[in-house]
1. What are the residue pairs meeting all of these: first residue in segment 75-87, first residue exposed (fewer than 14 other Cβ atoms within 10 Å of the Cβ), second residue among the aliphatic types (A, V, I, L, M) and not in a helix (DSSP H, G or I), Cβ atoms under 9 Å, and 6 or more apart or on different chains?
2. What strands (runs of 3 or more DSSP E) lie completely within segment 42-145 and have 3 or more residues being closer than 23 Å to P27 by Cα?
3. Within the set of pairs 6 or more residues apart or between chains, which connect a residue that is of a type in the set (S, T, N, Q) and part of a helix (DSSP H, G or I) inside segment 16-28 to a residue that is surrounded by fewer than 11 Cβ atoms within 10 Å (Cβ to Cβ) and modelled with pLDDT under 70 with Cβ atoms less than 6 Å apart?
4. Just a yes or no: is a residue in segment 50-66 in contact (Cβ under 8 Å) with a residue 60 or more places away in the chain and in contact with a Gly (Cβ under 7 Å, 6 or more places away or on another chain)?
5. Exactly one condition in (1) touching a residue at least 24 places away in the same chain (Cβ under 8 Å); (2) over 20 Å from D40 (Cβ atoms) is false for L94; which is it?
6. Kindly evaluate L111 against the criterion of being within 18 Å of I37 (Cα to Cα), of a type in the set (A, V, I, L, M, F, W, C) and out of contact with any Lys or Arg (no Cβ under 8 Å at 6 or more places or on another chain).
7. I'd like to know if segment 138-152 contains one or more residues that are farther than 21 Å from H80 by Cβ, of a type outside the set (S, T, N, Q), in contact with a Gly (Cβ under 8 Å, 6 or more places away or on another chain) and modelled with pLDDT of 90 or more.
8. Consider segment 29-43. How many of its residues are in contact (Cβ under 8 Å) with a residue 40 or more places away in the chain and more than 18 Å from S125 (Cα to Cα)?
Amino acid sequence: MDVRGLLPFLLLMPMLAPASSLREPHPELSPEDVVRIQLDALRDNDRPSPDSGVALVFRFASPGNRAQTGPLPRFAEMIHSGYAEMLNHREARLHQGLVQGDEAIQPVELLARDGSAHRYLFILSRQAEPPCAGCWMTDSVLADPERLPDPAQDTI
């Protein structure tokens, strides 16, 4: 088999990777991508090492969020005590998100490992300052909202 014909395809492969495979904030990621990355990390929290998922979630926390909840050990304690049902959850479903300018809301329903259902609103903003200018990052997560927003009617 002549691999020279495959060379252009092989060179393009990094560009063909899905946005959700990125593990750092990046301007290519949508608010939905960011939330999905964080949920996947929390689902697999202890792989490859303990709390590696929490550490990845912290990387996607906005600078304002980090200032309130960090450093990482404090952030991890907050997740374990206030959002334990997110750790190693069974599945998560993202609903239609709402984006207005540089702000976004991403509703999520989650099935915890014990089978209990939980709902959240991820609040995100597009960052203006380097090193993450243009990146969507999570400002906060509201647990158990009374209702999920209807993007056709609600505004941020």
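1. Matching pairs, first to second residue: G82/A143; A84/A112.
2. Answer list for segment 42-145: 98-100, 103-111, 117-126, 136-143.
3. From segment 16-28, no pairs qualify.
4. no
5. (2)
6. Values: within 18 Å of I37 (Cα to Cα): yes; of a type in the set (A, V, I, L, M, F, W, C): yes; out of contact with any Lys or Arg (no Cβ under 8 Å at 6 or more places or on another chain): no.
So L111 fails the test.
7. No - not one qualifying residue is present in segment 138-152.
8. So the count comes out to 2.
The values are calculated or read from the model by the stated rules, or taken from the named source; none is laboratory data. Nothing here was measured: the structure is a model prediction, and the numbers come from that model. Cβ atoms come from the backbone with ideal geometry, glycine included; neighbour counts cover every protein chain shown.
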